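Working notes for the structure below.
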Amino acid sequence: MTASKRATIYDVAKAAGVSITTVSFVLNRPDRVRPATRERVLAAADALDYAPRSEAVVRARAALGRIGVVAPFTSYASYYRRLSGVIEVVGDDARDVCVFDHESAATAQSPLLGSLPISDRLDGMIVMGLALEPAISDRLTVRGVPTVVVDAPSMAFSSVRTDDAEGGRIAARHLLDLGHRRIGYVTERHGRHPVPLQADARLAGFQEIVDALGSGTGEVTVCAAAHDIEAARITAAGLLALRPRPTAIVGNDDLLAAGAMLAVRAAGLRIPEDMSVMGFDDGDLAAGLGLSTIRQPFEESGRSAADLLLHERAARESPRRVVTLGLTLVPRLTTGPAPG
């Protein structure tokens, strides 16, 4: 395809061996197209450097600055708080912020995330809580879409992160200092296609501190649950059935910890006199429950991501940067000394 002849949707359809309707679905409703077909269309679009003509007109209005934010919003309420930080930075700068939901950080990449770079609807992207597959990273880079990643590893783009392993270490030190030695840990279950999770780093940091006590001194029993309160309640009930049972339960986040609290109370145990419970995040749920937790700087992470993205859109040749934000312990009513 020469520079004088811009690739059309018909060219992409012909190269991929599909109809123009299928190409349109891949770019606008990718969840309605089978994965193999979707990848074939995306590969053809990449090879032809295709961009929808109508969107090219929109992009010519350089003052628009349309930013896309992709995150598992419906699965983790904390991402709305990160989004508020993004809007706080870009809201006064006459930019559009387009929000795209992804099912869960525990599942593989969404079809939408693979198609967005080709649709040319965006002038920059902030991807939160989702590890970018190499093919998608390459597509974003080749098409020159400035991108910032939040709470996920990336060697290709600037990122904003918290030290989840250190958060796990902080939680472990808090419970060990209170005298707990048998601890149950409810982590998040991976999806069908395993992806790196913040939960893994938190658990690794927690286990590191307990292991440092020496063999036979501290014990962590780990169980995995789907990311909902009822699943966490059932999983925590299994921990309470152990003999000897743990004296504390940690939830990988506040929602899982809330499920653990339900199990503890259903078993007729007192919190924290009989069982301590601890979470991670410090959202509204933790404050309402009086839950001890590890606080993440949600709004600050959104502001930092937006600042990085706007800088990179302006500079274009800006080097990759990593911003690491701190975590703090918030002790409340649900932690206390190990029973007798």
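The values are calculated or read from the model by the stated rules, or taken from the named source; none is laboratory data. A quick note: this is a predicted structure, and the numbers were derived from the prediction, not measured. We place every Cβ from the backbone using ideal geometry, glycine too, and count neighbours over all the protein chains shown.
Starting from residues that are more than 30 Å from Leu329 (Cα to Cα) and under 21 Å from the mean Cα position of the chain (by Cα), keep the ones in segment 142-170 and report whichever is modelled with the lowest pLDDT.
If we take residues in segment 142-170 being more than 30 Å from Leu329 (Cα to Cα) and under 21 Å from the mean Cα position of the chain (by Cα), then Val145 is modelled with the lowest pLDDT.
For segment 288-315: of the residues being in contact (Cβ under 8 Å) with a residue 12 or more places away in the chain, over 29 Å from Gly144 (Cβ atoms) and small (Gly, Ala, Ser), which is surrounded by the most Cβ atoms within 10 Å (Cβ to Cβ)?
Among residues in segment 288-315 that are in contact (Cβ under 8 Å) with a residue 12 or more places away in the chain, over 29 Å from Gly144 (Cβ atoms) and small (Gly, Ala, Ser), the one surrounded by the most Cβ atoms within 10 Å (Cβ to Cβ) is Ser292.
Here's a check for you: in segment 8-53, which residue that is modelled with pLDDT under 80 and small (Gly, Ala, Ser) is nearest to Gly144 (Cα to Cα)?
Only one residue fits best here, namely Ala51.
Which pairs do you get when a residue that is within 17 Å of Gly218 (Cα to Cα), found in segment 236-263, comes within reach of a residue that is of a type in the set (Phe, Trp, Tyr) and surrounded by 23 or more Cβ atoms within 10 Å (Cβ to Cβ), reach meaning Cβ atoms under 9 angstrom, with the pair 6+ apart or on two chains?
Listed pairs, sorted by first residue: Leu239/Tyr185; Pro246/Tyr185; Ile249/Tyr185; Val250/Tyr185; Val250/Phe206; Val250/Phe280.
Can you name the residue in segment 10-31 that is among the aliphatic types (A, V, I, L, M) and free of Cβ contacts under 8 Å to residues at least 40 places away in the same chain and is also farthest from His102 (Cα to Cα) among such residues?
It comes out as Ala15.
How many of the residues in segment 137-151 are buried (at least 20 other Cβ atoms within 10 Å of the Cβ) and closer than 30 Å to Phe280 by Cα?
Final tally of qualifying residues: 5.
To keep it simple, each residue is scored yes or no on (1) within 18 Å of Ser292 (Cβ to Cβ); (2) among the aliphatic types (A, V, I, L, M).
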{"position": "His190", "(1), (2)": "no, no"}
{"position": "Asp200", "(1), (2)": "no, no"}
{"position": "Ala204", "(1), (2)": "no, yes"}
{"position": "Gly218", "(1), (2)": "no, no"}
{"position": "Thr235", "(1), (2)": "no, no"}
{"position": "Arg243", "(1), (2)": "no, no"}
{"position": "Gly251", "(1), (2)": "yes, no"}
{"position": "Leu255", "(1), (2)": "yes, yes"}
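Arg202 fails exactly one of the following numbered conditions: (1) in a loop (DSSP other than H, G, I, E, B); (2) crowded, with 22+ Cβ neighbours inside 10 Å. What is the number of that condition?
(1)
Pull up segment 12-52, narrow it to residues that are in a helix (DSSP H, G or I) and of a type in the set (Lys, Arg), then point me to the one that is farthest from Val142 (Cα to Cα).
Only one residue fits best here, namely Arg32.
Testing Ser75 on (1) part of a loop (DSSP other than H, G, I, E, B); (2) modelled with pLDDT under 70; (3) farther than 25 Å from Leu308 by Cα, one condition comes back false. Which one is that?
(2)
Suppose we filter Val322, Val264 for residues that are hydrophobic (A, V, I, L, M, F, W, C) and farther than 30 Å from Ser154 by Cβ; which single one remains?
Matching residue, one of Val322, Val264: Val264.
Please specify each residue of segment 171-199 satisfying the condition of being surrounded by fewer than 19 Cβ atoms within 10 Å (Cβ to Cβ) and modelled with pLDDT of 90 or more.
If the condition is that a residue be surrounded by fewer than 19 Cβ atoms within 10 Å (Cβ to Cβ) and modelled with pLDDT of 90 or more, then Arg173, Asp177, Leu178, Gly179, Arg181, Arg182 are the ones that fit.
Give the residue, chosen from Arg332, Arg245, that is out of contact with any His (no Cβ under 9 Å at 6 or more places or on another chain), in the same structural domain as Ile170 (by TED's automatic domain parsing) and charged (D, E, K, R).
Arg245
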